[in-house]
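The structure appears below as structure tokens.
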Amino acid sequence: MVSVVIPFYSGLDWLKEAINSVLNQTYQNIEILVINDGSRENINELLDLYGSSAKIISKVNGGPASARNLGIEKSTGKYIAFLDSDDLWLPDKLSKQIRIMELSHLIWSQHSYEMFWDDNDQTKLINTKSYSGNVYRDCFISLKIQTSCVVVLRKFLMDNNIRFPLEKRYGQDGAFFRQVAKKYPLGYIDGVYSRFRMRGANAGFRAKVQLNDKASIFSEIKTDKDVLNLLPNTIVFAYKVSNIFNKWINYIDQKYVSNDKIIEIIAKIVYFFPYAIFRCYAKKS
């Protein structure tokens, strides 16, 4: 069985699309766990729409990390597959992914995906084939995989007490990947099997969020000799610079400028330098 964990806070129509994409899978041995993370939307209609096909678990709002963690703990499948409530799966995703994971005895795996925009017909294919095997080093440089593409062996998570970090506002998925990648190689499933919805508020593409995440990672690794020895000196320098810029941006935000748009413009300007370094060392698709 595959347990599909879908954290939800807003966007009921998108959630229905996500659930439907799971129910349309050619792989049928699944359980769907929708974690209602204190949403203000009325999701009772899901019970009428899906009945026992989707289990709704409600909790006090705590963010996507806490919602995914609850889904992990409530799951009963051999594998756990993550799906964000605004993303979609293509019909053969689980059939292909689980078959290869079983044959190759993979602990976790991922595949390529398509980005799409609701307000136009634009799409973009993201090829993640280069991210397989030992990707622990890539986790600190650039790991362009999406949570909705990942399937992981449940027993591994439970035995190693691996969860999404609650203390992080952003970058929880990256921190989760680092924990898994430190112990096991990542499998790649050849093909495109999910669609990642692009929205104006996608946090991962905001410069201020990127600076904050890099500063947070730097605070974790600055005394970790194993990680520091693993990374190129230039990448470590980029983390240090990001940490300094993040403190500066936060200071300006608190003392002088309260306009989010202006702060984001400043963040984009200062983040360009460390971003160029990370991009230079990133694997090419």
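For Asp13 and Asn134, the FRET efficiency from 1/(1 + (r/R0)^6), where r spans their Cβ atoms and R0 equals 45 Å, is about 0.65. Enclosing the Cα atoms of the chain in their convex hull gives a volume equal to 140 cubic angstrom per residue.
Evaluated over the Cα positions of segment 233-285, the convex hull gives a direction-averaged projected area, one quarter of its surface, of 4.1 nm². Across all Cα pairs in segment 1-121, the calculated P(r) in 10 Å bins from zero up to the longest distance comes to 13, 45, 33, 9, 0 percent per bin. With each label modelled as a point 7 angstrom along the Cα→C-beta vector, the Asp190-Asp118 pair spans 3.6 nm. When the chain is treated as a Gaussian network with alpha carbon springs shorter than 10 Å, the biggest mean-square fluctuation among Tyr131, Tyr188, Tyr275 belongs to Tyr275. Here is the list for segment 221-271: trypsin sites (Lys or Arg not before Pro) lying in DSSP coil, each with at most 16 other C-beta atoms within 10 angstrom of its C-beta, are Lys222. Largest to smallest in accessible area, the residues Arg279, Arg163 fall in the order Arg279, Arg163 (1.4 Å probe, all protein chains included). Remark: segment 16-21, residue by residue, has Karplus-estimated 3J(HN,Hα) of 4, 4, 5, 4, 4, 5 Hz, where x stands for each Gly or Pro and the curve is 6.51 cos²θ - 1.76 cosθ + 1.60 at θ = phi - 60°. Segment 1-80 and segment 232-284 have Cα centres lying 35 Å from one another. Do any of Lys182/Lys214; Lys96/Lys183; Lys74/Lys144; Lys261/Lys284; Lys168/Lys247 go past 20 Å between their Cα atoms, and which? Result: Lys96/Lys183; Lys74/Lys144; Lys261/Lys284 exceed 20 Å.
Each of Ser242, Trp117, Gly71 was placed along the dipole of the chain (beta-carbon charges, centred on the mean Cα), and the one lying farthest toward the positive end is Ser242.
The angle between the Cα long axis of helix 233-255 and the longest principal axis of the Cα atoms of the chain comes to about 90 degrees, rounded to the nearest 10. Between Glu45 and Trp248, full extension at 0.36 nm per residue minus the direct alpha carbon distance yields a gain of 68.4 nm. Relative contact order of segment 1-106: what whole-number percent is it, with Cα pairs under 8 angstrom and at least 6 residues apart? Relative contact order, segment 1-106: 44 percent.
The residues neighbouring Ser21, those whose beta-carbon lies less than 9 Å from its own, together hold a net charge of 0 under the Lys/Arg +1, Asp/Glu -1 convention.
Charge tally around Ile43: other residues with Cβ under 15 Å, Lys/Arg +1 each, Asp/Glu -1 each, net -3. Protection proxy ranking, highest mean first, for peptides 93-99, 144-150: 144-150, 93-99, where packing is the per-residue count of other beta-carbon atoms within 10 Å, averaged.
The values are calculated or read from the model by the stated rules, or taken from the named source; none is laboratory data. Small disclaimer: the values here were computed from a predicted structure and weren't measured. Neighbour counts run over all protein chains shown; Cβ positions are idealised from the backbone, glycine included. Keep in mind that these areas ignore ligands, DNA and RNA; they rest on the heavy atoms of the full protein, side chains included. Shrake-Rupley method; radii C 1.70, N 1.55, O 1.52, S 1.80 Å.
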